[in-house]
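J.: Take this structure, written in structure tokens, and hold onto it; I'll ask about it next.
Derivation of every value follows stated rules applied to the coordinates shown; laboratory data play no part. Everything quoted here is computed from the prediction, not taken from an experiment. All Cβ positions, glycine included, derive from the backbone under ideal geometry; neighbour counts span all protein chains shown.
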Amino acid sequence: IKVPHQTAGRNFYFLNQSRKDSTMQLHPVKKFKYPVPVFFAASETILKQCINNYDVLIVKRSAWLNPYFPDLLAQFQSARAKILGTDKFKALRDATYTLKTEQKTVLNYLSEFLVQFKVSFNDNPAQRDEILKTIGFTDNYNKAKRGNQESLIELLSKFNQYMTIDLQKTITDKKLDADLITPILGYAATFADKETNQEEAKGNKTDLSADIIKELNSYYDIIIGICKIARNKFKGNKQKQDLFSFSKTAKAIMGNRGGGKNGDEDTPPVSPAPPEK
């Protein structure tokens, strides 16, 4: 009696599990990994590049004759306004612009401090290197200089934490002006706050309906197809090709200078590439 009961139990479990899996699969999944505001910002940036490079792109591609790109750009802008609302998109642009402005300013302060610090401590390399390690320069400065926001925040955090009154005295005794230190300390908290504002703007849209996701995926297919054809037309010109790299454009908008490992349009269109996950 026990065996049929156990078998029935297993069958009941797998039947219900199958129903759950089937139900879960009914809701579509976004084909791209980026936040929706970033997707639209990158797509519209690429479409504007299409308009700027119109003469090259329409060769042997009559489907792209005017007014294809202007009309498509207007269609993307309309979809973005409907899905996100213009205020949310503007919040992302404003937060990104503010952060990049502050980033440039604080990097200038860090650069000036580092140059003078190294010169002043040139007679004691061991002490110089120890201090730079402690206040975050050794591990983070070069990455921050290349645009990595996380490294910049880590540097500022360590600078703020370990730049004690005693250490400040050690540094100023070497004839460095305290005005080189004070602005950096002031940026530590405010810069982190601005990055938080940017991240919140990036993820401003929460739940997406199945219809919206299907619509987004259709737009994604369109823009990735354009990127693949455009990059192929500019073979041998990496600078031009990068203008039509969706992953690089999106990551630049997000403040990440890393390459586009997962951007499927970065693969030459010899054979179909899998969609981004």
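J.: Just rank VAL59, VAL119, VAL106, VAL36, fewest to most, by other beta-carbon atoms within 10 angstrom.
T.: Final ranking by Cβ density, sparse to dense: VAL59, VAL119, VAL106, VAL36.
J.: THR134 to LYS48: extension gain in nm, 0.36 nm per residue of separation minus the Cα-Cα distance?
T.: Working: separation 86, 0.36 × 86 = 30.96 nm, distance 4.55 nm.
Going from the current span to full extension adds 26.4 nm.
J.: Using the charge dipole of the range 102-171 (Lys, Arg: +1 at Cβ; Asp, Glu: -1 at Cβ; taken about the Cα centre), state which of SER120, GLN103, THR170 has its Cα farthest towards the positive end.
T.: Ranked along the dipole, the leading option is GLN103.
J.: Right, something else. So what J values fall out for the range 47-55 if you push phi through Karplus, 6.51 cos²θ - 1.76 cosθ + 1.60 with θ = phi - 60°, rounded to Hz, Gly and Pro as x?
T.: Along the range 47-55, the couplings run 5, 5, 5, 4, 5, 5, 10, 4, 4 Hz.
J.: If each of GLN239 and GLU154 carries a label point 7 Å out from its Cα toward its Cβ, how far apart are those two points in nm?
T.: It works out to 3.3 nm between the two label points.
J.: Multiplying the sequence separation of ALA210 and ILE222 by 0.36 nm and subtracting their Cα-Cα distance, what value in nm do you get?
T.: Gain on stretching ALA210 to ILE222: 2.5 nm.
J.: I need the calculated FRET efficiency for the pair ASN232 and HIS27, taking r as the beta carbon distance and R₀ as 41 Å, to the nearest 0.05.
T.: 0.75
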